[in-house]
1. For a quick check of your reading: which helices (runs of 4 or more DSSP H) sit entirely within the range 197-310 and have at least 3 residues that are under 20 Å from the mean Cα position of the chain (by Cα), more than 26 Å from residue 99 (Cβ to Cβ) and at pLDDT below 95?
2. Could you list, in sequence order, all residues of the range 1-16 that are out of contact with any Asp or Glu (no Cβ under 7 Å at 6 or more places or on another chain), farther than 17 Å from residue 272 by Cβ and in a helix (DSSP H, G or I)?
3. What's the number of the only condition in (1) assigned to a helix (DSSP H, G or I); (2) of a type outside the set (A, V, I, L, M); (3) in contact with a helix residue (DSSP H, G or I) (Cβ under 9 Å, 6 or more places away or on another chain); (4) under 25 Å from residue 247 (Cβ atoms) that residue 75 fails to meet?
4. Taking the options 35, 19, name whichever one is on the phi > 0 side of the Ramachandran plot, surrounded by fewer than 24 Cβ atoms within 10 Å (Cβ to Cβ) and either in contact (Cβ under 8 Å) with a residue 40 or more places away in the chain or not in a helix (DSSP H, G or I) (or both).
5. Which condition number does residue 181 fail, the rest of (1) in a loop (DSSP other than H, G, I, E, B); (2) closer than 27 Å to residue 53 by Cβ; (3) over 19 Å from the mean Cα position of the chain (by Cα) being met?
6. Run down 131, 98 and say which single residue is of a type in the set (Gly, Ala, Ser) and within 19 Å of residue 203 (Cα to Cα).
7. Restricting the search to the range 121-158, which residues are part of a loop (DSSP other than H, G, I, E, B), within 17 Å of residue 110 (Cβ to Cβ) and at pLDDT 85 or above?
8. Would you please name the residue that is farthest from the chain's Cα centre (by Cα), looking only at residues in the range 160-178 that are within 28 Å of residue 32 (Cα to Cα) and among the charged types (D, E, K, R)?
Amino acid sequence: MPQQLARKLAEQLQRALVGKPDVVRLLLTGLIARGHVLIEDLPGLGKTTLARALAQAVNCRFSRVQFTPDLLPTDIIGTSIFHQRDGSFEFREGPIFANIVLADEINRATPRTQSALLEAMSEHQVSAEGATRKLPEPFFVIATQNPAEHAGTYPLPESQIDRFMLKFDVGYPTVADEKRILFEHAQSSTLAAVQQVLVREDVLQMQEAARRVRVDPAIADYILEIVQETRNNAKLVAGVSPRGSVALFRASQALAMIEGRDFVVPDDVKALAVPVLAHRIVERASFDRRGGKSGQDVIRRILGKVAVNA
C-alpha cells in the first residue's frame, strides 16, 4: 500500500532528523506530489542531513551540487567533450541527471547559474548542445539556502523560487531532542541509523497514488478563494500565480495520501497553505524577502478570513 510505503520512509527520515516529524512530512509531501522543496535556515540544523537520509532510504540515483559564486551552468547540466581521435563530441551529463538532486546553499551562486535549474524543475528535461534530454523519474530537487542576510548570498529570482512547491525551515531542536542528538553522535552519525526501505518503483507508485486522491469541487473552490485573496490584497505587490494554486492542489492530494485517506479535507489545505504559498507573495511596504515571516503572516490572516464551505 502506498500509505505504508510513505510511513516506512518517514520512520527512516525521522531517525536522521530527530524531533522534526512536521519537517519530514513536508519533505515527503513534495516528493510524492512531484514537486521540489526549498529549505531555508541557519547552518547546522540538519538540512543536508535530511536530503542525504532520503537518498539513503530510497535506492535512487543521488547527486549533490555545492553552489558557489564561481559555479557555472555547465557544471550542473553537463557539457560536450571533443574526442580528437575520431573528431566526435560526447555529451557528459552533469549532476542534474539524477533522481534526487541536493542543491546545497543554492543562494550562494549567481542568478545566471541558478537559472540552469528552471527547465529541469518545470519540465523534467534539459536542453543543451542543441538537444533536449529527459531527466530520470522520479526527479526531485531539494535546495537549501542560508538566510538572505548572510554574507555572500544572492536572492533567488522570482521565476526560480516560484518553481519550488514548498518552502519551509527546520528550526532548533528542543533541549530533550538535542540531548538525544548528542548521545547518538557520540556513537556514530545519525545517518548510520537510516536503512534503505524503498526502491525507485515504490516512489513512482506513491506519486501515482497521490494523483488518484479525490478532491471535491468544494475543496478546489476553497483553494481558489485563498489564492484570489492574495491577488486582491492591496498590501501585496503580486498574488499567487496559477502555478501556486496547482501546487497547493497537488500537495493536498499528497498529504491526504500520506495520512491514509483517498480524499482531501480542508485541514490538508490549511496545513500546506503557508509552506506552499508564502514564498510566492511580497508585501508592498515590506523589505522582507519572499517566503519570510511577513509573507507567512499574510497567508495565515487569509486562512482566518476565508470560510470553509466543504
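The values are calculated or read from the model by the stated rules, or taken from the named source; none is laboratory data. The shown structure was predicted, so the numbers you read here are calculated from the model rather than taken from an experiment. Note that we place each Cβ from the backbone using ideal geometry, even for glycine, and neighbour counts take in every protein chain shown.
1. Qualifying helices (runs of 4 or more DSSP H): 293-305.
2. 2, 3, 4, 7, 8, 9, 11, 12, 13, 14, 15, 16
3. If we test residue 75 against (1) assigned to a helix (DSSP H, G or I); (2) of a type outside the set (A, V, I, L, M); (3) in contact with a helix residue (DSSP H, G or I) (Cβ under 9 Å, 6 or more places away or on another chain); (4) under 25 Å from residue 247 (Cβ atoms), just (4) comes out false.
4. The unique qualifying residue is 19.
5. Every listed condition holds for residue 181 apart from (1).
6. One residue alone meets the criteria, 98.
7. Within the range 121-158, no residue meets the criteria.
8. 177
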